[in-house]
Amino acid sequence: MWFEPYMVRAEHGFFSARTHLRIDIKNELHNNREVKSMEDKLLEELNQLLKGTHMGASIFEDLREKIKSETLHKEFDEILLMLHIHEKSLTGLILAHGGEPIDSAGIMGTITDVISHIKNLTVDSDKEVLKVAVHNMEMGAKALHDFDARNFILDDETEKTIAIMKDDYASIYHKLDRYRIEFEE
């Protein structure tokens, strides 16, 4: 790979002091404004994931209170622990990228959360709880997939965190779906 004489290593690529262009790992040239815009967009998307994780944790807390099965209650405790770890991981990533992490689901998230809680008022069996929980895990997995599909140039730590979250969501989904099938029989 050819580099200009004044090229210095930047966080995710190389930066040219002479031309103020940054070459990222895909060998694309970006000026400082474009780099800043990409970083701002990444922070916005990470905060969206954090909002969704806050909403998911809130919904699972609400659903946990409706569970009658001791086994499911323990499973939901583990799921909530995992979701809280994801919240902390996303918060850490946002801070590491110089952003300000949100601490709630936001106004729209709160409205959506209230609507979900109202819908969940009629949920009164473990079977129904599992159906709602599986649906919410599908939504979480879709949000992670959408984040990945936006083709961000991610640092190793962010890629690792997103991959762990995807694996955790897939694991949670399969456990809940297995329980849902068992409760239907």
Subject >> Residues E100 and H174, FRET efficiency given R0 of 41 Å [Cβ-Cβ distance, rounded to 0.05] >> reply: 0.75
Original post:
Listed here are the pairs K88/K160; K142/K166; K127/K175; K68/K166; K74/K160; which of them are more than 19 Å apart at the Cα?
Top reply: K68/K166; K74/K160
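Counting other beta carbons within 10 Å of each residue's own, what order do T158, T71 fall into, fewest first? Working shown, then result.
Values: T158 20, T71 11.
Fewest-to-most ranking of T158, T71: T71, T158.
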**OP:** Arrange the peptides 53-60, 127-134 so that the one whose residues have, on average, the most other Cβ atoms within 10 Å appears first.
**Re:** 53-60, 127-134
Subject >> Exposure proxy order (Cβ contacts within 10 Å, fewest to most) of L154, L81, L42 >> reply: L81, L154, L42
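Bear in mind these aren't lab numbers, they're just calculated from the coordinates by the rules spelled out. Just so it is clear, the structure is predicted and the values come from calculations on it, not from any experiment. Glycine gets a Cβ as well: all are built from the backbone with ideal geometry, and neighbour counts include every protein chain shown.
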